[in-house]
Each structure stands twice: as structure tokens, then as C-alpha cells.
Amino acid sequence: MVHIEDIRAAFVVRLKKALAAHGIDQWGAGARLAEIAKVTPKASSKWLNGESLPGPAKMSAVADALGVKIEWLQHGSGDEPSFSKLPTVETNATEQPAQSAAAIVRNMLAQQGKGLTEEARKRLLAVAEADDSGGGIEIDYYRPGAVGDEVWIAHYDVRAAMGGGQIPHDYPEMFQDVRVSPQHLREMGVEFKEHFHLKMVTGWGQSMAPTIKHRDPLLVDVSVREFVGDGIYMFSWEGHLYIKRLQWMGEDRLKMISDNTMHPPETIRADETFIQARVLLVWNASLV
């Protein structure tokens with residue numbers, strides 16, 4: 001007898017394989033699937049984590065976008081796709097309605113917007129123009145902010161343990177995005193190259209106190225995937241996810257350090273440590 005959990009697990013394996021063939025990693029998969037299937041990031045995260053399956057229409061949309069047959073994606077039937085020949089994943093972002101959102105807002109402001117301040121006018125028009133360029137009201141955290149230099153940073157349900165380690169989801173669910181100014185971050189001393197590499201995660205535990213407290217939101221740079229100098233990193237080791245200080249010891253060894261002196265440091269092998277991001281800022285405005 002085949003259980004629904006086994007069906008979901010097999011579907012997740014095939015879906016991840018197709019996503020990986022397109023170069024879509026865990027940080028972008030939920031948002032891209034949500035865009036393709038026109039669902040919320042929370043719904044697409046449940047597909048990726050094996051908590052539910054897409055309905056027939058959504059399954060068909062995902063299969064078409066990833067260039068695979070729906071029968072293979074849904075049941076594993078038929079021949080294995082030739083992933084080396086898959087088409088590029090496309091979205092409907094270039095499709096425009098007969099009258100764009102920006103044009104509608106301009107007309108509305110001309111007819112009924114006399115009581116609005118100039119700042120309010122700019123904000124309304126900026127949101128409408130962002131809608132036109134993105135094909136929907138869903139927040140796209142890869143696109144620069146519509147007002148000034150503000151951008152949206154995706155906040156993921158990733159609990160990186162500052163203690164005994166957390167077993168991470170392969171594809172984390174996305175929480176409410178955070179809107180920030182990259183210029184302001186740099187003025188605070190936060191160093192990064194591109195804002196779209198910045199994500200928010202959550203620290204879990206007490207071993208990094210007082211620097212990072214339990215449930216503190218953390219700003220991380222996911223483009224840092226290797227040791228680049230002493231600092232605080234989010235990394236997996238022995239199948240668990242941690243947030244700790246790492247210090248190079250030489251001879252392919254790292255020292256894993258907790259700021260809480262009640263947790264002694266450990267020496268771990270660099271080739272068994274998989275860095276996922278570097279922690280830049282604790283969201284209580286504490287530089288690390």
C-alpha cells in the first residue's frame with residue numbers, strides 16, 4: 001500500500017531535481033514557484049517541504065514552466081527528462097493588461113487626487129509602476145524598492161541553532177519581508193556587495209548570548225558560501241544548522257566558538273563544514 005507521505009516525498013525529489021537543473025536553489029525556489037503557479041510563497045513552501053501537493057492546474061503550470069511532462073512530475077511515469085536540454089524558466093512578468101496599473105493610477109490622481117500630498121502621489125505611482133514591471137502585487141525581493149533606495153529583504157523561517165543544532169528544511173518558508181535602506185545599512189557599518197544577497201533568518205538558543213539572543217532576527221549574506229575570515233557564520237555540520245563564530249585553526253580545521261562562555265569551543269573539520277551565509281547584523285542593531 002502506497003502512503004500519501006511517500007507520494008509527496010517522491011514528488012519533492014523530482015521537483016528539486018527539475019529546479020536544480022534550472023539553477024534554482026533553496027533561497028529562490030519558493031518565490032519562483034509561487035510566481036509560476038500564482039500562489040502564495042507559503043503554499044509553494046509546503047510543496048517543497050512535502051506537506052502538500054499542487055492541484056492538477058497548478059501541477060500543470062509548474063511542469064510546463066520547468067519543461068517536464070506532468071506525468072513524470074506527478075507520478076514519475078514515462079522517461080526521465082533530459083535536464084541538459086531544459087528550456088529557461090520564464091514568467092509572465094512581461095505580459096501587460098490593456099491599461100497598465102501606472103496609467104490607471106495617473107488617471108485617478110489627475111481626477112481625484114487633489115487632496116493628496118506630493119509624497120503620497122509619488123508613493124502611489126511608485127507602487128503601481130512596480131506592479132507593472134513585476135506582473136503582480138506579490139513582493140519581489142530581488143527588485144529594488146520603489147521609493148528612494150529602499151529594498152525588500154526576504155525573511156525566511158530558518159532557525160539556525162546557537163546551541164545543539166537545528167535540522168533545517170531544504171526549502172524554507174518565507175515570512176513577511178523587511179524593507180530597509182542599503183545606504184543606511186552601510187552607514188551603520190554593514191558590509192555587502194549586492195542587496196539581493198541579503199536575507200533574514202532567526203537565531204535559536206542561548207549559546208551566542210549576549211551578542212545574539214534567543215529568537216533574534218539576523219541579517220545574513222547568502223553569497224558567502226566559504227570561510228572568508230574570522231566571523232559569525234550560518235553553517236551546517238553533521239547534518240545540523242548552526243550560527244557560531246568560526247576561526248581558522250590551520251591544517252583544514254576550524255574552531256567553532258560560542259559567545260556564551262558556558263559553551264566551550266569545539267574544533268571541527270573545514271571539509272565537513274558547509275557554510276550557508278555570513279551573519280552581518282543582529283536585528284537589534286548590533287554589529288557582529
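The values are calculated or read from the model by the stated rules, or taken from the named source; none is laboratory data. None of these values were measured; they are calculated from a predicted model. Backbone-built Cβ (ideal geometry, glycine too); neighbour counts: all protein chains shown.
What the table shows:
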quantity: Single condition Pro54 does not satisfy, out of (1) buried (at least 16 other Cβ atoms within 10 Å of the Cβ); (2) part of a helix (DSSP H, G or I); calculated: (2)
quantity: Sole exception among (1) touching a residue at least 24 places away in the same chain (Cβ under 8 Å); (2) farther than 22 Å from Met188 by Cα; (3) surrounded by fewer than 14 Cβ atoms within 10 Å (Cβ to Cβ) for His263, by number; calculated: (3)
quantity: Evaluation of Ala61 against (1) touching a residue at least 24 places away in the same chain (Cβ under 8 Å); (2) part of a helix (DSSP H, G or I); (3) under 30 Å from Ala277 (Cα atoms) (one fails), failing number; calculated: (3)
quantity: Selection within the stretch 196-233 - polar (S, T, N, Q), assigned to a loop (DSSP other than H, G, I, E, B) and within 18 Å of the chain's Cα centre (by Cα); calculated: Ser223
quantity: Members of the stretch 191-216 that are surrounded by fewer than 22 Cβ atoms within 10 Å (Cβ to Cβ) and either charged (D, E, K, R) or not assigned by TED's automatic domain parsing to the domain that holds Leu280 (or both); calculated: Glu191, Lys193, Glu194, Lys213, Arg215, Asp216
quantity: Scope the stretch 11-32; condition part of a helix (DSSP H, G or I) and more than 21 Å from Glu80 (Cβ to Cβ); matching residues; calculated: Gln26, Trp27, Gly28, Gly30, Ala31, Arg32
quantity: Test result for Lys193, within 18 Å of the chain's Cα centre (by Cα), over 18 Å from Tyr156 (Cα atoms) and not acidic (Asp, Glu); calculated: yes
quantity: Condition met for Glu251 (among the acidic types (Asp, Glu), surrounded by fewer than 19 Cβ atoms within 10 Å (Cβ to Cβ), within 25 Å of the chain's Cα centre (by Cα) and assigned by TED's automatic domain parsing to the domain that holds Glu191); calculated: no
quantity: Filter result for Glu5 (under 27 Å from Phe196 (Cα atoms), among the charged types (D, E, K, R) and modelled with pLDDT under 80); calculated: no
quantity: Yes/no for Val158 being within 23 Å of Ser258 (Cα to Cα) and either in contact with a Ser or Thr (Cβ under 7 Å, 6 or more places away or on another chain) or modelled with pLDDT of 80 or more (or both); calculated: yes
quantity: Test: Thr273 is surrounded by 12 or more Cβ atoms within 10 Å (Cβ to Cβ), of a type in the set (Val, Ile, Thr) and farther than 14 Å from Thr211 by Cα; calculated: yes
